[in-house]
Structure formats: C-alpha cells, structure tokens
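Asks: Below is the structure I would like to discuss, written out as structure tokens.
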Amino acid sequence: QVQLVESGGGLVQAGGSLRLSCAASGTIFSFDTMGWYRQAPGKQRELVATITTSGSTNFPDSVKDRFTISRGNAKNTVYLQMNNLKPGDTAVYYCYAKLFRTDYWGQGTQVTVSS
C-alpha cells in the first residue's frame, strides 16, 4: 500500500524559509510525478509545484521565483524549498505522487507564515 509521509512544516515569520520533505513507500516503482499542493481555509486545493522523473518542473506564478522542488537521491522522495514566505502561503501542504494514472496524497503538514 502506497503511503506518503510529509515533514518540515511549522510556523515562520514573513520573509523566512522552510523546507518540506516527503517520503513515499509501498511500491518498487518510481513515481512518474511527485509534488506539492496546498489548501488554505475556505479555499480549494491548489498546485504548488511538481517534478517528473526527467526533472521537468511546474510552478504557478505565485511561487515560481520563491520555491524550488527537487527529488532526492533516495527513490520516491521529494523536497520543497520555500523562501521569502508570505502570509498568503499559509496552508496545509500535501505531498502528491502519480503512478500508473493513480494519484496518491499525503496527510498534509501545516505551514503558517506570520506577518
């Protein structure tokens, strides 16, 4: 059974940085795509960043110049480096992975940015 486990969330002041980590288990295959989504209270879940096995990345304009995503040397790990955080980045961040047309989600980690 595939499981995604996030870590690294927390409380940070505006302008600060956080690094989120996600480790997946339960499969011998490498996920086609891994990444992060977030959901703020009262809002829909939205894309933060994704990365494929070939290293192609995708970011919305809201985070493009501040966040970076990378896949770890260990299979099926992904990291999100978030710099210059803003109060608007406050949300629950979910690790995401796709394998054979199936989407998998982590339980989420809270990121709170104070002004």
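The values are calculated or read from the model by the stated rules, or taken from the named source; none is laboratory data. From a predicted model like this one, the values you see are computed outputs, not experimental measurements. Don't worry about glycine lacking a Cβ; one is built from the backbone with ideal geometry, like all the others, and counts go over all protein chains shown. Surface accessibility is based on the protein's heavy atoms, side chains included, excluding ligands, DNA and RNA. Shrake-Rupley method; radii C 1.70, N 1.55, O 1.52, S 1.80 Å.
Asks: Do you know the relative contact order of region 12-84, to the nearest whole percent, from alpha carbon pairs under 8 angstrom that are 6+ apart?
Replies: Once normalised by length, the contact order is 39 percent.
Asks: So what is log10(I(q)/I(0)) for region 1-113 at q = 0.16, 0.22 1/Å, when the Debye sum runs over its Cα atoms only?
Replies: Taking Cα atoms of region 1-113 as identical point scatterers yields -0.66, -1.23.
Asks: Same structure, new question: Using only C-alpha positions, report the orientation-averaged shadow area of the convex hull of region 24-80, nm², one decimal.
Replies: Quarter of the Cα hull surface area: 4.7 nm².
Asks: How about LYS64: which lysines have a C-alpha closer than 22 Å to its C-alpha, ignoring those fewer than 8 places off in the same chain?
Replies: LYS43, LYS86, LYS98
Asks: Which of the trypsin sites (Lys or Arg not before Pro) found in region 1-67 are in a DSSP loop and have at most 16 neighbouring Cβ atoms, other than their own, within 10 Å?
Replies: LYS43, ARG45, LYS64, ARG66
Asks: Could you size up the charge dipole of the chain around its Cα centre, putting +1 on the beta carbon of Lys and Arg and -1 on that of Asp and Glu, and report it in debye to the nearest 20?
Replies: The dipole of the chain has a size of about 40 debye.
Asks: Can you compute the label reach from GLU46? Point 7 Å from Cα along the Cβ direction, backbone N cut-off under 13 Å, restricted to region 73-89.
Replies: The answer is 86-89, whose backbone nitrogens lie closer than 13 Å to the label point.
Asks: Now for a different question. When the Karplus curve 6.51 cos²θ - 1.76 cosθ + 1.60 is applied with θ = phi - 60°, which whole-Hz ³J(HN,Hα) does each residue of region 65-82 get, with x for Gly and Pro?
Replies: 8, 10, 10, 10, 10, 8, 9, x, 5, 6, 4, 6, 10, 9, 10, 10, 8, 10
Asks: Turning to a different aspect of this structure: Per residue, how much accessible surface does the chain expose to a 1.4 Å probe? Answer in Å², no decimals.
Replies: 55 Å²
Asks: Given a 1.4 Å probe and every protein chain left where it sits, what share in percent of the accessible area of region 6-63 is carbon and sulfur?
Replies: Carbon and sulfur together cover 48 percent of it.
Asks: When the chain is modelled as a GNM with alpha-carbon springs shorter than 10 Å, which of VAL48, VAL63, VAL78 fluctuates the most?
Replies: Judging by the Gaussian network model, the answer is VAL63.
Asks: Compare LEU47, LEU80, LEU99 in a GNM of the chain, Cα atoms joined below 10 Å, and give the one with the largest fluctuation.
Replies: LEU99
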